[in-house]
Amino acid sequence: MPYVLWTIKTIIGGRNMAFHSSQQIAEMAVEAGVKKATMRPAHTLILGFLGGAFISLGFLLYIRVVADLPHEWGTFSSLIGGAVFPVGLMLIIIAGGELLTGNMMALPLAVMAKRATFKQLGRNWLLVLVSNFIGSIFVAYFFGHVVGMTETGAFLTKTIAVAGAKIDQAFWPTLISAVGCNWLVCLGIWLAFGADDIGGKILAIWFPIMAFVAIGFQHVVANMFIIPAAIFAGSFTWADYAANFVPVAIGNAIGGGVFVALAYWMVHKDSLQSSMRAKSSIKKAS
């Protein structure tokens, strides 16, 4: 806590305010996409498992914190839940992990920059999708079901209510909600690229992720935890999950690939291409 207060104080006070420009962040995002595209499949699967597990732990924390809050608090409960949920993405960005929704921004940027192929993009998304699902199911089954953290009292009620709200939403509202979700998630990752120190990265991640959770947007990996957790508790079916997965995955891909990757590519295309040509010339000269 003292370190967090010190970080906020130094930022507000004007010290340690080093951060990267949007153009520099775009360059870093392209390089991140290239790294992900060329990563060993085994490493992608391991990091994907961790990514799914980390997001699920964040959602489990959300359930454990807000489930028993007074009903009279209304939407303030969503704000509190949103305040703790970002720990999942913090773990992914700082400790290391692969997240499908983040890769829906990084890989398209690398493809647009002609530093990766559509085949590499498709392979990465598939591997991360599968491993994120396994990591999420691991947390939902062992911590939620076996230990019972989502299957007793108010925690069960909240788990079923949250999962039901996501399943009951119609196709198009679900897809549009998913667009908004990954727009914010990828902006959180984008901002994290802009910070060099761990405190800056934490603050950069926290606000956009808190926002998407408090708003109630749909996130494909988060849903890999909450809906199966409700299924393990005896509510809903895998067919319900599949019907939710399709529009959420499509919407998340649009939110990250179009509203972040394509938008910033159009803005920084010329400078990115010039930078890549310069780097290529330096490599050839050396």
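The values are calculated or read from the model by the stated rules, or taken from the named source; none is laboratory data. This is a predicted model, so every value here is computed, not measured. Backbone-built Cβ (ideal geometry, glycine too); neighbour counts: all protein chains shown. Surface areas here come from the heavy atoms of the whole protein model, side chains and all, with no ligands, DNA or RNA. Shrake-Rupley method; radii C 1.70, N 1.55, O 1.52, S 1.80 Å.
Across the chain, the longest piece that holds none of the trypsin sites (Lys or Arg not before Pro) lying in DSSP loops with up to 11 other C-beta atoms within 10 Å covers 115-286. Note on ALA165 and GLN23: the extension gain reaches 47.3 nm, defined as 0.36 nm multiplied by sequence separation minus the Cα-Cα distance. Each 10 Å bin from 0 upward holds the following percent of the Cα-Cα pairs of the range 131-238: 15, 36, 34, 14, 1.
Relative to the longest principal axis of the Cα atoms of the chain, helix 198-215 runs at roughly 50 degrees. Surface composition of the chain: carbon and sulfur atoms hold 70% of the protein heavy-atom accessible area at a 1.4 Å probe. Relative to the longest principal Cα axis of the chain, at what angle does helix 2-13 sit, 0 to 90 degrees, rounded to 10? Approximately 50 degrees, to the nearest ten. Compared with the alpha-carbon gap, the fully stretched path from ILE134 to VAL65 is longer by 22.4 nm at 0.36 nm per residue. Helices in the chain, meaning DSSP H runs of at least 4 residues, each add -39500 (n - 2.57). Divided by all residues, the mean residue ellipticity at 222 nm is -25000 deg cm²/dmol.
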